Amino acid sequence: MENTILQLFPAQRRDFWKRIAACQKEIREIRLRADRPIIIYRLGEELFLDREGNLTDKAGDAMFVSRGELDELLEHICHYSVYAYEEELRQGFLTVAGGHRVGVAGQAVLNGDGKVRTVKNISFMNIRVAHEVKGAADGLLPEVYENGRLMNSLIVSPPGCGKTTLLRDLVRQVSDGNRYGRGMTVAVADERSEIAGAYGGKPQNDVGMRTDVLDACPKEVAMMMLLRSMTPEVIAIDELGNSGELEALRRAAACGCKILATAHGDGTEDLGTRFGRGEFEQLFQRVVLLERKNGSCRIREVRRGGEISCSRE
Amino acid sequence: MLKGIACCMIIAGSLGMGVWYKNEFTGRIRAIRMLRTILILLEGEIRYGRDTLSECCGHIAIRLKGECQTAFEQVAERMRQNGGESFERIFRSSVEPALKGLPLKQEDIEDFFRFVGTYGFADSSLQLRLLEQSREQLEARAEELSAGNGERCRMAVSLGAMGGFLIILVLW
């Protein structure tokens, strides 16, 4: 994944971006806003880019990006075929080579039914640099296995705590096999291309040797398709969002599949409000709660069938 | 005897020139129809696969022959390598030399390239419409050329033969 962010930029801009690309491992986000300074988030720090492409903490020295440059960048990212990314633009983000995600915002164009048709006049871009953290789930493995059997597990945290990173590594370790259990066939319903970071149908992140990915398909539909076509032992989804998806997971579990999922939330109370108290607790034998403390993310507690089995507080 | 041989050579030469012109006229129509086929293939790839233009080039290359096949493969490969060049630049620099080898006029080539000159449509139907425009333009030209082609071919061969006779008469 080295220097893959440089490939996002057209040839005439690469000289400017090459210094940033050289320290890709440390970069978390690149924020581009029309007629506003370029902001880079590196190692938890907010920095600007000066005219030579060097990082600076002085906003006054910052290089501004124009609307024309954003248009040019979008064209390049879309391989000069913006129409081919119609669906992604509708959702507001594109996954690119290297597994990075480019979020876009501007002016939404709505259909008659109030749904977003596309986003035009794109004036804001957020390049989220993908970081694969192999071994992130090492500490979680003993919690999600019981006597060599994988338990249905849900990872819950507020945004930015690393639940997707954790799920990705969990999928990889479950798929490849680990000291707690044998390798299993995993199917990933990756609606937002966040787990596998698939680009052109090919996962850009290591999700394991026994993993099949259905990319960019609504989770409910994807789970049923995968269940029928790939006969998985485990189904993994990111960001469980509504009761329809929970129902699809329940059906998958009824077919004998194990479930690995994540959900936004601050605790089980949040989930109880969203899905109904006890609804998810019936399905998930393990609920892992994450938190951010002193700038780093960690497991706060693991609940086993509603009971706290391991609290790190 | 010598004069007779010279006359035959002049007639054969001028007649050959007429036939060459006839082939050029027919060859241009054939080449325009090939460009039209390429555009139809591109439309199909966009309509059913929602592929990017570079992916389309890679897919349709296998259905082409000769230099055109190589050129389209080259476009797909250069876009895959992502050297930062625009699609228009890559497409023109790879495909134009291949088209120059065909009996096409510059206006035919420009009509074909029209769809790469404008891009950035967020809607596939607009992108398809642009391809259709290029195709319709080429179809109209091929039709126009075909309409008078029979006469033009006969004229070329006749003029070639008559030119030969004229030269013989002048030199006799």
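The values are calculated or read from the model by the stated rules, or taken from the named source; none is laboratory data. The structure displayed is predicted, hence computed values, not measured ones. All Cβ positions, even for glycine, are placed from backbone atoms using ideal geometry, and neighbour counts span all protein chains on display.
Odds and ends about this structure:
- Within region B:70-92, restricting attention to residues that are of a type in the set (G, A, S) and facing chain A (nearest Cβ under 9 Å), the residue that is surrounded by the fewest Cβ atoms within 10 Å (Cβ to Cβ) is B:G83.
- A:I77 meets all of the listed conditions (1) more than 14 Å from chain B (Cβ to nearest Cβ); (2) surrounded by 15 or more Cβ atoms within 10 Å (Cβ to Cβ); (3) within 16 Å of A:I127 (Cα to Cα) but one, namely (1).
- All helices (runs of 4 or more DSSP H) inside region B:70-164 with 2 or more residues being more than 19 Å from the chain's Cα centre (by Cα) and among the polar types (S, T, N, Q): B:124-147
- Residue that is nearest to A:Q91 (Cα to Cα) [pool: residues in region A:205-226 that are of a type in the set (G, A, S) and assigned to a loop (DSSP other than H, G, I, E, B)]: A:A216
- The set of residues in region B:42-69 that are part of a loop (DSSP other than H, G, I, E, B), surrounded by 15 or more Cβ atoms within 10 Å (Cβ to Cβ) and at pLDDT 85 or above comprises B:D51, B:T52, B:L64.
- Odd one out for B:S125, checked against (1) of a type in the set (S, T, Y); (2) within 30 Å of A:I122 (Cα to Cα); (3) buried (at least 16 other Cβ atoms within 10 Å of the Cβ): (3)
- Considering the conditions (1) facing another protein chain (nearest Cβ under 9 Å); (2) surrounded by fewer than 21 Cβ atoms within 10 Å (Cβ to Cβ), A:V82 is excluded by exactly one of them, (2).
- Residues of region A:1-30 that are aromatic (F, W, Y), within 11 Å of chain B (Cβ to nearest Cβ) and either farther than 17 Å from B:Q81 by Cα or in a helix (DSSP H, G or I) (or both): A:W17 alone.
- Tally of residues being touching a Gly at 6+ places or on another chain (Cβ under 9 Å), within 22 Å of A:K258 (Cα to Cα) and small (G, A, S) across region A:129-149: 2
- Single unsatisfied condition, B:N149 versus (1) modelled with pLDDT under 85; (2) away from chain A (no Cβ under 14 Å); (3) in contact with a Leu (Cβ under 7 Å, 6 or more places away or on another chain): (3)
- A:T273 being out of contact with any Gly (no Cβ under 7 Å at 6 or more places or on another chain), among the hydroxyl-bearing types (S, T, Y) and in a helix (DSSP H, G or I): yes
- For region A:38-90, the set of residues classified as of a type in the set (S, T, Y) and modelled with pLDDT of 90 or more consists of A:Y41, A:T56, A:S66, listed by residue number.
- The set of residues in region A:140-159 being assigned to a loop (DSSP other than H, G, I, E, B) and under 13 Å from A:L289 (Cα atoms) consists of A:L140, A:P158, A:P159.
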